[in-house]
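Nothing in this text is a laboratory measurement; each read-out follows from the coordinates by a stated rule. The structure presented is a predicted model; accordingly, all values stated were derived computationally and were not measured. Cβ placement follows ideal geometry from the backbone for every residue including glycine, while neighbour counts extend to all protein chains displayed.
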Amino acid sequence: MDFLTDLARTPKPEDFPYGPGRAKYVKFAEGDIGVGVPKIFFEDPHQHNPKPGPKGQIHQWGLSPYGTGSKYVEEDSNYPAGDDMITSMQRKMTTQMSYGGPGQLQTPEKQFVEVLVERKKKQLESLNLDNLPKRDVIITIRLHLLNDKTGAPRIYRRFRVSAGIRLNVFQDKIVAPIMGWTRNLHAYTFTDFRDGSLFGPEESRHIDMVYLDGHGYDYLPDNKYMLAHLFSKEGDEIGYLYDFGDRWYHEMKLKKCPFRQIEKILDIDSSDGEVRIIEGRGMCPGENLHGVHGFREFIDKYENEGDYRKKQEQKREILGTPNYKSYHKPASLFDPFSFDMEWTQKLLNEALASPTSIPSGARSFKMPMRPDALDPTTWDDPTKAGKKLKKGQAIVREFDTEQDGLSGMLAKMGMGGHWEETVHTQRDKRAQTVCAMCGKPGGQELKQCSGCKRVLYCSRDHQRAHWKSHHKKQCTKEYIGK
Ligand SMILES: [Zn+2]
Ligand SMILES: [Zn+2]
C-alpha cells in the first residue's frame, strides 16, 4: 500500500498541462488535482478528434492509446491498450469518495465522454439512412486473437440480417445465440469504428459493468438505434465487445473477407428481413473460461499437446461453462473446432421466439453464502428485494439440480446456488422487436398470437409455420402464466 501513497505524493509538473487541478473543460472535485488522469481529459472534448489505430478503426471514442503489453503484440496492436492498472487503481482509491454521489460531480473522464455522447446523438438525429433499414446485410463476425496457424479465424459466423433491427435486439436475439454466448449474462458494446462511438445496454446491471471505465466510460443506449446506424457501405466494419472482464473483442465485416466470399448489402427487392445463418467455423469459447488471452493458450494447447484423455478433460471444461448448459451432448461428441449448425440454429430459434432480455435484471448466479457478498457492485440488485420490478416483469430462478453431493441436495431443496434473471411476462413492443419465426424487425404490421398474446409475427404464413414447428407446444397455460 505504501508504494501507492508514495506515487500519489509525487506528481510531476508535466502531468498537469494547465496547472494542478485545472483542465480546459472538465471540473475536478475539491482537493483533487488530477493525479492519474490520462492527459487527453485535460483537453476540450468539443475539439476532440479521435485518431484511428493501425488498421484504420477507431475504438472507445478514440480515448485510449493502441497496443498492449500482452505477448500477442502484433494482433493486439489494433486494440486499446486497456487500463494502466496501478494508476487507475490508485486514482480510484484516492478519489472515489469525491465523485458520482448525490450533489457531486461525475468523474472528469465521465464529464469528458458525456460531451462526446451528446455530440454523437445530435449527429445521429440529422442522419439520413435512406432505405438502408429496409435492406438485408450479410455479415461475417469473428473473434479477435483466436486464429489458427494459417492466420484464419478459429471462430467466425456468417449470417444475414435486416439492417433495420434495433441494436439491443440484434445483440440479444441474434449475435449472442449465433456466436454461442449466454443471453443477458454479461455487458457488451457495439463500436462504430468510423468515429469510435459506443452503443450498449441501457440500465445494465450486468456484473462486469464495474469495468466500464476501462472500456470507454459511457455509451449511447442501444435500444434507440438500429444496425443501420453503424455502417453506410459495403466494406464498413463494426466492433462488438462482449464481457468487459474477459474482453471478447469481435469484428463484424461487411466486405470481402480474406478467407471467404463477398459480404454485401442486398437491394430492397431481395431483402425479406429473415435471419439466416449461412455458415460458421469453430465453437464459442466457454463463458468465464480464462478470458481471451487465456482461452487462446487453452485452445492452442488443445490442438498441439493434448492426448485423448487430456483433450476430453479440456472439452469437459468448456462444456461445464454457462453457455453450454443446454448443449446436452457428451464430450466425445463435442469438437471445439467444428461449428455445430444444428445447435446454433436451435439457440437462435429459441431466442427469436422469446421476449427481449431485461438488462436491469441480468442473469446472475446466486449462492446462499455467495463469495461476492462483499462486492458492492452486487448490493443494489433489484432482483434481490424484488421490489423494483416493473409491470410485466417477473423473476425466474433456475436451480441446478443435476449436481452431485451436498450442492445437488441443497439445490433440490431450493436452497442451493441458482441462476436468477428478470424476464418479461408480456410481449415486446412492436416497434422494438422481430418476428418470432424469421427475425424480421417489427412495426405496426406485426401480428400477435391470439392465444398467449406474447409473440409477434410478420405474416400469417410465419404464424402458421411457427405454430407447427414450435409454438403449439409453447402456447400453453403454463407459458401464459394463467
Ligand atoms: Zn416472419
Ligand atoms: Zn401463443
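A few notes on this one:
- Between A465 and Q426, the FRET efficiency estimated from the beta carbon spacing at R0 = 30 angstrom works out to 0.80.
- Region 441-469 and region 38-52 have their alpha-carbon centroids 48 Å apart.
- Of the cross-linked pairs K173/K346; K233/K264; K122/K264; K453/K473; K24/K110, those separated by over 19 Å at the C-alpha level are K122/K264.
- Net charge in the neighbourhood of E313 (other residues with Cβ under 13 Å of its Cβ; Lys, Arg +1, Asp, Glu -1) is +3.
- Residue-wise HN-Hα couplings along region 436-449, as the Karplus relation 6.51 cos²θ - 1.76 cosθ + 1.60 with θ = phi - 60° gives them from phi, are 5, 8, 10, x, 6, x, x, x, 4, 6, 5, 9, 9, 5 Hz; Gly and Pro carry x.
- Whether region 98-160 is rounded, prolate or oblate, judged on the alpha carbon gyration tensor where a/c under 1.5 counts as rounded: oblate
- FRET efficiency, 1/(1 + (r/R0)^6) with R0 56 Å, evaluated for S232 and K92 via beta carbons: 0.90
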